[in-house]
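Some notes on the structure that comes next.
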Amino acid sequence: MTAWIERLGTATLVRIFAAYSWAASTVCAAWFARRFSVERGAALEPALCLIWQGLVFGAWLPAGGLVWLLLKRFGTTGRGLAALTLAMPPVVLLEVAAGASLDIVFAGGGDFADFAGRMVSKAPVAILLWTAICAVGLAAVQRDRALGARRRADMLQSALVQARRAVSAPGPERLLVTTGRRRAPVMLHEVEWFASAGNYVVVHWQEREGLVRTSLKAIEATLDPAVFARTHRSTIVNLACVNDAQSLSDGSWRLTMASGGEIVVSRAFRDEILTRLGRSALRLHVS
């Protein structure tokens, strides 16, 4: 059961929950409306009560869509909460006005005092419903983000496996690196990462480092995109040397290299890595 729920998209779950909430609220409110009408001596038909309350609570469905749009646009941080707070007064006013109008249509009444009184009596429940919808929206957006982070983490782990496999496929390649006053050949698969340093590129391998007089762009053009990926405008990482990858709260990644070094990948380069590695993995699979 849990696995089946996890496979459903967040938007689908929200729609199912909205439909259930609307149906349950409609039935319960219709029962109370029918009982109230009987006590007043003007019994309404059950079907009429269901239509009445269905319209009352159906008017809240657009409010749920508004909450979802605001949270997707502004997020769940301070901006998102501020947007929900600012939207509350006009939404609540519209909802209580719609509810009071429907009450008068189905239950009678009609003067201004009666209309205003119904609006005031409905305001506390309307505020409560808005708060509940916001809470559900916040939970839904957080779930959507968590699922997205999990998918990206799975894609990265798959890419790391592909990178380790790709390392052993071609023949050994060497890079001449200057260390002090001498130049030493370094196997490409031993390089953990490259870092730009002016007119040079710093090569990190086996807890050592050296220099190559070239640009990072020139180095990148010679590397296998299934193994090496740019994690910053001045850094290229050997994915086969990544021991661990963790998602951070801001959506970035922290890569722990075989030597114990740590490299942070921003969200922009994270998406670029997934896109690039997705194409590389596909090319490897086809070949």
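The values are calculated or read from the model by the stated rules, or taken from the named source; none is laboratory data. Since we're looking at a predicted model, the values are computed, not measured. All Cβ positions, glycine included, derive from the backbone under ideal geometry; neighbour counts span all protein chains shown. Quick note on the areas: whole protein, heavy atoms, side chains included, nothing else; ligands and nucleic acids left out. Shrake-Rupley method; radii C 1.70, N 1.55, O 1.52, S 1.80 Å.
Some points to look at:
- Checking each residue in region 249-272 for being within 16 Å of the chain's Cα centre (by Cα), surrounded by 13 or more Cβ atoms within 10 Å (Cβ to Cβ) and of a type in the set (Ser, Thr, Tyr) picks out 252, 266.
Every residue, every condition in (1) at pLDDT 90 or above; (2) on the phi < 0 side of the Ramachandran plot; (3) not in a loop (DSSP other than H, G, I, E, B), yes or no:
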residue: 12; (1), (2), (3): no, yes, yes
residue: 25; (1), (2), (3): yes, yes, yes
residue: 30; (1), (2), (3): yes, yes, yes
residue: 38; (1), (2), (3): no, yes, yes
residue: 44; (1), (2), (3): no, yes, no
residue: 51; (1), (2), (3): yes, yes, yes
residue: 57; (1), (2), (3): yes, yes, yes
residue: 68; (1), (2), (3): no, yes, yes
residue: 84; (1), (2), (3): yes, yes, yes
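- Of the residues making up region 11-34, those that are open to solvent by less than 80 Å² (accessible area, probe 1.4 Å), closer than 19 Å to residue 135 by Cα and among the β-branched types (Val, Ile, Thr) number 2.
- The set of residues in region 196-230 being of a type in the set (Lys, Arg) and either loosely packed, with under 14 Cβ neighbours inside 10 Å or more than 21 Å from residue 161 (Cβ to Cβ) (or both) consists of 208, 213, 217.
- For region 185-195, filtering for residues that are open to solvent by 50 Å² or more (accessible area, probe 1.4 Å) and touching a residue at least 12 places away in the same chain (Cβ under 8 Å) leaves 2.
- The lone exception for residue 109 - which of (1) in a helix (DSSP H, G or I); (2) surrounded by 13 or more Cβ atoms within 10 Å (Cβ to Cβ); (3) at pLDDT below 95 it fails: (1)
- Checking each residue in region 40-68 for being free of Cβ contacts under 8 Å to residues at least 40 places away in the same chain, surrounded by 16 or more Cβ atoms within 10 Å (Cβ to Cβ) and not hydrophobic (A, V, I, L, M, F, W, C) picks out 53, 54.
- When 83, 23, 43, 47 are checked against the criterion of being of a type outside the set (Lys, Arg) and touching a Phe, Trp or Tyr at 6+ places or on another chain (Cβ under 8 Å), a single residue qualifies: 83.
- Boolean, residue 10 is within 25 Å of residue 145 (Cα to Cα) and touching a residue at least 24 places away in the same chain (Cβ under 8 Å): yes
- Some residue of region 78-89 being hydrophobic (A, V, I, L, M, F, W, C) and crowded, with 20+ Cβ neighbours inside 10 Å: yes
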